[in-house]
Amino acid sequence: MPELATRTQPDAVVNTPAWQATFPDELADEAIYILRETAAQFERPAILFSGGKDSIVVTRLAVKAFAPARVPFPLLHIDTGHNFAETIAFRDHLVKSLDLKLIVRYVQDSIDAGRVREESGKYASRNILQTTTLLDAIEELKLDACIGGARRDEEKARAKERLFSVRNEFGQWDASRQRPELFDMLNGRISPGEHVRIFPISNWTELDVWNFIRQQRIDLPSIYFAHERAVFKRDGLLWADSPFIHKTPDEQPYRARVRFRTVGDMTCTAAVLSDAVTLDTVIDEIRRAEISERGARIDDKRSESAMESRKRDGYF
Amino acid sequence: MDILRIATAGSVDDGKSTLIGRLLYETRSVTQDKLDAIDAASKRRGADVLDLSLLTDGLIAEREQGITIDVAHVFFQTATRKYIIADTPGHFEYTRNMVTGASTAAASIILIDARNGLVEQTHRHFFIASLLRIPTVIVCVNKMDLVDYSQARFDAIVAEFKALAAQVQIAGQAITFIPASSLHGENITRGSAHMPWYAGPTLLVALEKIDAVPQRHLAARLQVQSVIRPRIHNRPDLHDYRALAGRISSGVFSVGDAVIVLPNQRNSRITAIEHFGQRVERAQAGQSVSLHLADDIDISRGALVAPADQPPALRKEFVARVCWLDHQALSAGRTLQLQHGVHRTRAKVQALHSVIDVVTLNSSDNPPQINLNEIGDVSLKLAQPIYADAYEANPANGAFILIDELTNVTAGVGFIAAAG
């Protein structure tokens, strides 16, 4: 790394130890406001549920927003078929315990119907194929709003995303034609065929999500915590060994103690070495983390502008 | 922990992205892999220092043009506060983004290049900060390293800015001037050995002192987003449950408060407040709550709850200052959807009174239209009345947006005039 013009440590800023950091409640107030607007302004919204912590937090916020009434929209899970078993078990438990409605659409069905073709080679993944299954589901279910757990801190293209983000008939995002959002007034008016992607936790960081999970004692899939599993090394990242990944002969799996910082499907989520088995220790690790959350997402590594390109095509 | 929302504005090349990058870097809000990525990108471009501006310059089009083209939201955090920066571009054609980014801000940072002094954009930024009544403005005189850290240069810029401010500054608005070098990290989070003549706060210290929720001191207002009425057949205990869901936009509501519900014009009393599913005695601006009232009033979405003795005025025809955000110009006679908080009604533009040049402050009367990025005064007539405050008395309940009924885009933002 080149020498910085000035590289001394700041003295006006005190780094709070993780166990002292608190959650800014206003973030939850904002998310609840957005979820209530979604229910009021749209006829058929759904929560895009991945089984990851962000969509779990959005679901929990929806429960709070409408309690003691039921959450007025279903969860929609686009299933790549390459899931962590723990995620699916958790999803089904969550739906049952919170009395939610779940809709699942399968990438395998899109492949069988000839809508998309399976990728081949070492990096084959169904991550991109999900977009077609998702857009087909939106059309089939006539969804006019899809609530997602994306956050502006994840990636530069996300930093420009609106809270209510209008997608055209092809599900595409056009960064240069976004509606301005003034004060907290949300304009969800759309024409037939269009839909809106809604991001209630846009202004949260990864640490905010974890602090909220701790504050609210929210259950998560076990893979977020340290556990032993078979992994192998590729491109400097740890991949979970699974039948869905084509390993080369030199990629020999071995047992390691790891956890996952994000949960996509098994072909696009890398593990980190960890001993953190409690929320406090996970949060402590994140505070010190050298690698940002999306750094463990293999899907973003394809090119410098990978996320923006995928968003334009209708990705989550 | 609270949240302070800041708007940043600056002209091309005055170092805004570097300033934000510096704040992120020195509050340790950037992870090592992101630093490595911008390090590699800096080297590819032939830079010999870490180019902190790359932390926020995001989109493909921006990288091609080397400029920022839209509002980006950037976060950093200190021990006591989370900061949300709405980073808005400084070009003439993007006034709409500046207004958008500044609309939620409790503070505005205006950057001035110490070599250039005040430029046209400086006038525009300060006018918008005043139009939006942002309580705190921090004028950051950047690139002091390029003027030999000259106190005389800084003083001259401060004097020039004060002369500009005298024309449009709103009552109670605080302006702080800070000489800085974001490239070298001077007076951003740390002091500067090169400017012993400056005794004021660093940028971060100034930010830490700002009131993050100034609207809590105003009269209480809550617009009803929906009425929560559980219909769960196996929960007879919830049969009579009925609460008003909404976010308090200003002031404080307490259990026992006498309130009026508008447009019903019905008086009642708050019997309970729920926040995140917990019963609380009081709740303040910014909080999403469920209110329970003593009386069974037929309330629907868009109704407004206010203290019985401090209700907002009924407005059906009024004058407002409008900033136009759409390519299709605003003309008299046009009808649009007006959205005040969560409540929508149809509005007709009765007359265009003036359009204001935000640089010279000259006003032209009776313009034929108000174009994209222009600001003017108009008369509106509504299909149904709204219960709104003048923007200067209560910003959260005194602003509205205008929506094009054909394209559905948010075409304008308005601020209700005091004498409306």
Handout entry: Condition broken by residue A:201, with the remaining ones in (1) within 30 Å of residue B:79 (Cα to Cα); (2) surrounded by 20 or more Cβ atoms within 10 Å (Cβ to Cβ); (3) of a type outside the set (Lys, Arg); (4) facing chain B (nearest Cβ under 8 Å) satisfied
Key = (4)
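Each row is one residue, and each column tells you yes or no for (1) of a type in the set (D, E, K, R); (2) farther than 25 Å from residue A:54 by Cβ; (3) touching a Phe, Trp or Tyr at 6+ places or on another chain (Cβ under 6 Å).
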{"position": "A:218", "(1), (2), (3)": "no, no, no"}
{"position": "A:228", "(1), (2), (3)": "yes, yes, no"}
{"position": "A:243", "(1), (2), (3)": "no, yes, no"}
{"position": "A:258", "(1), (2), (3)": "no, no, no"}
{"position": "A:263", "(1), (2), (3)": "no, no, no"}
Exercise for the section: Taking residue B:247 as meeting all but one of (1) surrounded by fewer than 20 Cβ atoms within 10 Å (Cβ to Cβ); (2) in contact (Cβ under 8 Å) with a residue 12 or more places away in the chain, write down the number of the exception. Expected result: (1)
Practice task
Say whether the condition of being of a type outside the set (Gly, Ala, Ser), surrounded by fewer than 22 Cβ atoms within 10 Å (Cβ to Cβ) and more than 14 Å from every other protein chain (Cβ to nearest Cβ) is met by at least one residue in region B:394-409.
Solution key: no
Handout entry: Filtered residue count, region B:362-392, keeping only those that are surrounded by fewer than 14 Cβ atoms within 10 Å (Cβ to Cβ) and either within 17 Å of residue B:345 (Cα to Cα) or in contact (Cβ under 8 Å) with a residue 40 or more places away in the chain (or both)
Key = 2
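Rundown of residues vs (1) out of contact with any Phe, Trp or Tyr (no Cβ under 9 Å at 6 or more places or on another chain); (2) modelled with pLDDT under 80; (3) part of a loop (DSSP other than H, G, I, E, B); (4) under 25 Å from residue B:131 (Cβ atoms), yes/no style:
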site: B:6; (1), (2), (3), (4): no, no, no, yes
site: B:18; (1), (2), (3), (4): yes, no, no, no
site: B:30; (1), (2), (3), (4): no, yes, yes, no
site: B:43; (1), (2), (3), (4): yes, yes, no, no
site: B:46; (1), (2), (3), (4): yes, yes, yes, no
site: B:54; (1), (2), (3), (4): yes, yes, no, no
site: B:58; (1), (2), (3), (4): yes, yes, yes, no
site: B:70; (1), (2), (3), (4): no, yes, yes, yes
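Here's the yes/no breakdown for (1) modelled with pLDDT of 95 or more; (2) among the hydrophobic types (A, V, I, L, M, F, W, C); (3) touching a Ser or Thr at 6+ places or on another chain (Cβ under 8 Å):
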residue	(1), (2), (3)
B:350	yes, no, yes
B:359	no, yes, no
B:380	yes, yes, no
B:386	yes, yes, yes
B:401	yes, yes, yes
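Residue-wise test of (1) touching a Phe, Trp or Tyr at 6+ places or on another chain (Cβ under 9 Å); (2) buried (at least 22 other Cβ atoms within 10 Å of the Cβ); (3) of a type in the set (Lys, Arg).
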site	(1), (2), (3)
B:87	no, yes, no
B:142	no, yes, no
B:147	yes, no, no
B:150	no, no, no
Handout entry: Within region B:130-244, strands (runs of 3 or more DSSP E) holding 3 or more residues that are more than 14 Å from chain A (Cβ to nearest Cβ) and of a type in the set (Val, Ile, Thr)
Key = B:136-142
Practice task
For region A:120-140, enumerate the residues that are free of Cβ contacts under 8 Å to residues at least 40 places away in the same chain and surrounded by 16 or more Cβ atoms within 10 Å (Cβ to Cβ).
Solution key: A:132, A:136
Exercise for the section: Kindly establish whether residue B:290 is farther than 18 Å from residue B:387 by Cβ and surrounded by 15 or more Cβ atoms within 10 Å (Cβ to Cβ). Expected result: yes
Exercise for the section: Quick one: in region B:393-407, of everything that is among the hydrophobic types (A, V, I, L, M, F, W, C) and touching a residue at least 60 places away in the same chain (Cβ under 8 Å), which residue is nearest to residue B:221 (Cα to Cα)? Expected result: B:396
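One line per residue, one yes/no per condition, for (1) farther than 25 Å from residue B:286 by Cβ; (2) in a loop (DSSP other than H, G, I, E, B); (3) more than 11 Å from every other protein chain (Cβ to nearest Cβ):
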| residue | (1), (2), (3) |
| --- | --- |
| B:310 | no, yes, yes |
| B:319 | yes, no, yes |
| B:337 | yes, no, no |
| B:351 | yes, no, yes |
| B:355 | yes, no, yes |
| B:367 | yes, yes, yes |
| B:381 | yes, no, yes |
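The values are calculated or read from the model by the stated rules, or taken from the named source; none is laboratory data. Owing to the predicted nature of the structure, the values given are computational and were not obtained by experimental measurement. Ideal geometry is used to build each Cβ from the backbone, glycine not excepted, and the neighbour counts take in all protein chains shown.
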